[in-house]
Amino acid sequence: MNLPPVGLHYYIIVSALLFGLGAFGVISRRNAIAVLMSIELMLNAAALNFVAFWRYSERASEATGPVFALIIITVAAAEAAVGLAIILSVYRKFNTINVDDIDLMDG
Amino acid sequence: MTEQIIFWALAILTVIPAIFVVTSRNLFHAGLWLLPTLFGVAGFFLTLGAEFLAAVQILIYVGGIMVLILFAVLLTRRIADPEIQMQNRLTVWAVFAFFCIIMILMKVAISQFDKGGAPAAAPAGTTADMGTALLGTYILPFEVASIVLLAAIIGAIVIARGEKR
């Protein structure tokens, strides 16, 4: 059995699946923490795409892709901290973290 | 051949748990299912030659963000109660959005990037390369990232502290 080498589109498809599942979670989940987990999935998919495109590009001798992915991971860490603080604050105010019930700005 | 096997093993390790992350009824289990997904992405970083990034992925995500999320889950009441509806009424539309996204992205991936070629030689993803890049060309994003982290830490404390003591 002789399989072709792993090409760029393999990584893009895995990343697309991760991103689609994250989008599914963001739309369909009711719990705010579950929404945050889905956002982490989408950020991971984006970072994976950056690194894959960098690896298969002509200029892989410059560390562009990993630096971008590193910034994404930094922003993800900041987002998790602030997001969970907001969830805690919302829970104190509304006594729920169900994103369907938090409709203070729903005119 | 070997890289095919490694790729498919990592793909299964990444995508199958991700399905459970977004569908699991128990929020704690959903958080735990996030672990193999994050490890799988770290494995992908390794196969792509970004070894420093793989280490950072495991340190920050598995060591930091996962612990934070699991703590938040444990603060939630009745995480495993089957009475509580975990999906909202948009689930059908969410499935629709999922299929739209993967159809478009797969179409683009297969039609535009199916070169089948091996990657370019000698990637600069080692720790030394990353350090040189971060303190050379990318010093401004690097410093801005530290300010972002500082602002996020202070913001998180202020938001989570509540009204007044």
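The values are calculated or read from the model by the stated rules, or taken from the named source; none is laboratory data. Computed from a predicted structure; not experimentally measured. Glycine gets a Cβ as well: all are built from the backbone with ideal geometry, and neighbour counts include every protein chain shown.
Results, tabulated for the structure shown:
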quantity	calculated
Any hit, region A:46-60, residues being more than 30 Å from residue B:139 (Cβ to Cβ), among the polar types (S, T, N, Q) and surrounded by fewer than 22 Cβ atoms within 10 Å (Cβ to Cβ)	no
Residue B:60 being under 30 Å from residue A:7 (Cα atoms), at the interface with chain A (Cβ under 7 Å from one of its Cβ atoms) and at pLDDT 85 or above	yes
Residue B:66 being out of contact with any Asp or Glu (no Cβ under 7 Å at 6 or more places or on another chain) and without any contact (Cβ under 8 Å) to a residue 12 or more places away in the chain	no
Residue in region A:21-44 that is within 20 Å of residue B:110 (Cβ to Cβ), more than 10 Å from the chain's Cα centre (by Cα) and among the small types (Gly, Ala, Ser) present	no
Close pairs (7 angstrom Cβ cut-off, 6 or more residues apart or separate chains): on the phi < 0 side of the Ramachandran plot in region A:71-82, among the acidic types (Asp, Glu) anywhere	A:76/A:40
Options B:49, B:63, B:31, B:43; residue that is among the small types (Gly, Ala, Ser) and in contact with a Lys or Arg (Cβ under 9 Å, 6 or more places away or on another chain)	B:49
Conditions (1) within 29 Å of residue B:29 (Cα to Cα); (2) free of Cβ contacts under 8 Å to residues at least 12 places away in the same chain: number failed by residue A:63	(1)
